[in-house]
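> The structure under discussion is supplied below as structure tokens; questions concerning it will follow.
The values are calculated or read from the model by the stated rules, or taken from the named source; none is laboratory data. Computed from a predicted model, the values in this text were never measured in an experiment. Counting neighbours? That spans all protein chains shown, and the Cβs are built from the backbone with ideal geometry, glycine included. What goes into the accessible areas is simple: the full protein's heavy atoms, side chains included, and nothing from ligands, DNA or RNA. Shrake-Rupley method; radii C 1.70, N 1.55, O 1.52, S 1.80 Å.
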Amino acid sequence: MEGLDGLLVEQAHLEKKGSLQPAVDDVQKTIDLLKAAREKIIADPRSAGMTLAKLQNPAKQSMDKVNDDLKVVYKALGNYTKALDKKFKNASLPTAENDALSSHPNLINRAIAMHLLREGQFGVASTFIDEANAHPPRPEPTPGSPNPYANDAEEHKFAMDNIQSQKLQQEFAEMYHILHELRQKRNLDPAIKWARKNSSVLEHRGSNLEFELCRLQYVVLFMGSSTSDGGMQNTDGPMRAWAYARSEFGAFQGRYSREIERLSGALSFWSNMPDSPYRQTFHNESAWEEVAHSFTREFCSLLGLSADSPLYIAATAGAIALPTLLKMQGIMKTKKTEWTTRQEMAVELPLPPAYHFHSIFVCPVSKEQGTDQNPPMMIPCGHVIAKETLERLSKGARFKCPYCPQESHPRDAKRVYL
């Protein structure tokens with residue numbers, strides 16, 4: 001933080017003084033004055049001259065107050081701008097000497113379009129896709145970064161059209177509707193219906209989402225008659241929860257019998273839940289956000305997407321790593337050295353645990369590390385092995401998974417991208 005103290009002080013001052021709300025409030029007062037004068041003139045046209053004369057000074061004072069409010073904002077913004085210029089006056093933007101992304105413009109466009117769709121900016125995404133297709137970018141390979149589209153006749157075609165966009169828009173529109181019901185209205189019904197519609201796929205993936213939703217519904221019904229101090233007004237809530245459990249939990253007995261027994265056992269403590277062993281389950285303030293996150297993750301997984309936007313992850317990780325990279329670049333220029341490592345960073349970057357991903361796959365059968373020529377392949381049962389292992393086990397025909405009894409054909413396996 002050395003050298004940033006002055007900048008942080010100005011930033012705090014800007015956050016305190018830079019609000020436009022006072023100016024907005026004073027503008028509204030001016031509008032109210034004008035509306036009142038207009039209504040008075042409409043009611044008595046003969047009083048127009050006197051009304052306007054009386055309005056002149058209050059209106060002028062109100063506008064002067066707006067200008068004074070804006071002066072405070074402009075002053076704080078000006079001081080912050082000066083502090084920025086003072087701190088970074090000699091700093092230049094980093095140069096893209098080895099810009100590997102310049103040879104992948106279509107991937108960048110796709111990442112941007114997908115981010116807009118994921119954020120619900122459907123109109124912006126549609127316009128972006130149209131313009132990207134109308135003015136396709138040209139790959140510009142840099143030294144050491146071959147052009148991946150050199151032999152592709154469709155090298156300038158954007159890898160997403162409006163048909164794909166509209167389909168994804170419908171999917172994400174459904175996701176945002178369900179999330180709105182969960183977070184804003186505390187309504188679990190749309191999420192439960194979606195989970196049941198995709199029950200077989202979720203079950204195959206080993207997902208707990210459907211049970212998590214039903215468990216939270218049980219808790220909501222159970223606590224439906226709670227008082228402000230955590231006690232129970234009557235037995236209506238627990239009885240409704242018990243009826244719901246008898247109706248819905250039968251399908252989950254195989255995998256969640258112990259959890260269902262625990263939920264049922266809570267009925268014995270309905271009158272004193274805050275002091276019971278079940279308090280954490282029935283008084284969990286983060287339960288709704290946890291189930292919303294689980295739903296988002298599973299929804300995106302069924303679309304073949306990650307729960308978080310790759311563009312957001314890349315931009316955030318880049319912003320965190322940028323100071324270290326700039327410092328390293330400065331040292332390299334001073335010592336006149338070059339970065340000789342390939343496909344790895346020359347220094348360790350301080351990224352938080354959430355941004356640590358396993359980029360190396362080791363086949364559990366052959367014990368060999370995966371490569372572009374021998375990538376990881378997921379077979380229908382969900383187990384992952386290397387491509388060469390898959391070919392060796394299957395020999396082009398149906399084969400048994402080395403880790404479970406399920407049989408499948410090699411053509412049904414899908415490549416896993418890490």
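> Of the residues in segment 305-316, how many are of a type outside the set (A, V, I, L, M) and part of a helix (DSSP H, G or I)?
Of the residues in that region, 3 qualify.
> Step by step: first the residues of segment 20-45, then only those that are open to solvent by 60 Å² or more (accessible area, probe 1.4 Å) and among the polar types (S, T, N, Q), then the one that is modelled with the highest pLDDT. Which residue is that?
Q28
> Could I ask something else about it? Of everything in segment 234-262, what is of a type in the set (V, I, T) and under 35 Å from the mean Cα position of the chain (by Cα)? Give them in sequence order.
The answer is I260, and nothing else.
Every residue, every condition in (1) under 24 Å from S301 (Cβ atoms); (2) part of a helix (DSSP H, G or I); (3) charged (D, E, K, R), yes or no:
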{"residue": "N374", "(1), (2), (3)": "no, no, no"}
{"residue": "P380", "(1), (2), (3)": "yes, no, no"}
{"residue": "E388", "(1), (2), (3)": "no, yes, yes"}
{"residue": "L393", "(1), (2), (3)": "no, yes, no"}
{"residue": "C404", "(1), (2), (3)": "yes, no, no"}
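> Mind checking which residues of segment 110-120 are buried (at least 16 other Cβ atoms within 10 Å of the Cβ) and closer than 18 Å to M175 by Cα?
Correct list: A113, M114, H115, L116, L117, R118.
> Scan segment 262-278 and report the pairs whose first residue is under 13 Å from G237 (Cα atoms) and whose second residue is modelled with pLDDT of 80 or more and open to solvent by 70 Å² or more (accessible area, probe 1.4 Å), with Cβ atoms within less than 7 Å and a gap of 6+ or a chain change.
Pairs that qualify, where the first residue is under 13 Å from G237 (Cα atoms) and the partner is modelled with pLDDT of 80 or more and open to solvent by 70 Å² or more (accessible area, probe 1.4 Å), are L267/W242.
> Ok, one more. Do any helices (runs of 4 or more DSSP H) lying entirely in segment 245-304 carry at least 1 residues that are of a type in the set (A, V, I, L, M), and which ones are they?
253-265, 287-302
> Based on what the data block shows, is A319 farther than 21 Å from L117 by Cβ and in a helix (DSSP H, G or I)?
When the stated conditions are applied, A319 passes them.
> Any idea which of (1) at pLDDT below 80; (2) part of a loop (DSSP other than H, G, I, E, B); (3) surrounded by 17 or more Cβ atoms within 10 Å (Cβ to Cβ) is the one S165 doesn't satisfy?
The failed condition is (2).
> Of everything in segment 171-227, what is assigned to a helix (DSSP H, G or I), of a type in the set (G, A, S) and closer than 30 Å to S271 by Cβ? Give them in sequence order. Don't jump to the end; show me each part of the working.
We begin by selecting, within segment 171-227, every residue assigned to a helix (DSSP H, G or I); these are 171-183, 189-197, 199-204, 209-225.
Now drop any that are not of a type in the set (G, A, S), which leaves 173, 191, 195, 199-200, 224-225.
If the condition is that a residue be assigned to a helix (DSSP H, G or I), of a type in the set (G, A, S) and closer than 30 Å to S271 by Cβ, then G224, S225 are the ones that fit.
> Out of segment 132-149, which residues are surrounded by fewer than 12 Cβ atoms within 10 Å (Cβ to Cβ) and either at pLDDT 70 or above or under 30 Å from the mean Cα position of the chain (by Cα) (or both)?
A134, H135, R138
> Here's another thing I want to ask about it. Checking C300 against (1) crowded, with 16+ Cβ neighbours inside 10 Å; (2) modelled with pLDDT under 85, which test does it fail?
It fails just one condition, (2).
> Then there is this: Being within 32 Å of the chain's Cα centre (by Cα), at pLDDT 85 or above and open to solvent by 50 Å² or more (accessible area, probe 1.4 Å) is the requirement here; does T95 meet it?
On the way: within 32 Å of the chain's Cα centre (by Cα): yes; at pLDDT 85 or above: no; open to solvent by 50 Å² or more (accessible area, probe 1.4 Å): yes.
Judged against the criteria, T95 is not a match.
> Restricting to segment 322-336, give me the number of residues that are farther than 30 Å from L116 by Cβ and either in a helix (DSSP H, G or I) or touching a Ser or Thr at 6+ places or on another chain (Cβ under 9 Å) (or both). Explain how you work it out, then say what you get.
Going through segment 322-336, the residues farther than 30 Å from L116 by Cβ turn out to be 327-336.
Filter once more, keeping what is either in a helix (DSSP H, G or I) or touching a Ser or Thr at 6+ places or on another chain (Cβ under 9 Å) (or both): 327-335.
So the count comes out to 9.
> Further question: What residue, among those in segment 58-88 that are modelled with pLDDT of 85 or more and open to solvent by 100 Å² or more (accessible area, probe 1.4 Å), is farthest from L34 (Cα to Cα)?
Of everything passing the filter in segment 58-88, K75 is farthest from L34 (Cα to Cα).
> If the requirement is being over 30 Å from Q406 (Cα atoms) and basic (K, R), which of these qualifies: R255, R215?
On inspection, the qualifying residue turns out to be R215.
> A further question on this structure: Might you let me know whether segment 393-405 holds any residue that is within 25 Å of L202 (Cα to Cα), in contact with a strand residue (DSSP E or B) (Cβ under 8 Å, 6 or more places away or on another chain) and open to solvent by less than 30 Å² (accessible area, probe 1.4 Å)?
Looking through segment 393-405, at least one residue is within 25 Å of L202 (Cα to Cα), in contact with a strand residue (DSSP E or B) (Cβ under 8 Å, 6 or more places away or on another chain) and open to solvent by less than 30 Å² (accessible area, probe 1.4 Å).
> Could you say whether any residue in segment 347-358 is surrounded by 12 or more Cβ atoms within 10 Å (Cβ to Cβ) and either at pLDDT 85 or above or among the small types (G, A, S) (or both)?
So the first thing to find is which residues in segment 347-358 are surrounded by 12 or more Cβ atoms within 10 Å (Cβ to Cβ), and the list is 347, 349, 351, 355.
From what's left, either at pLDDT 85 or above or among the small types (G, A, S) (or both): none.
No, segment 347-358 has no match at all.
> Which pairs turn up if I take residues in segment 314-335 that are over 15 Å from E348 (Cα atoms) and look for partners that are charged (D, E, K, R) with beta carbon separation below 9 Å, at least 6 apart in sequence or on another chain?
Within 9 Å, the pairs are M332/E338.
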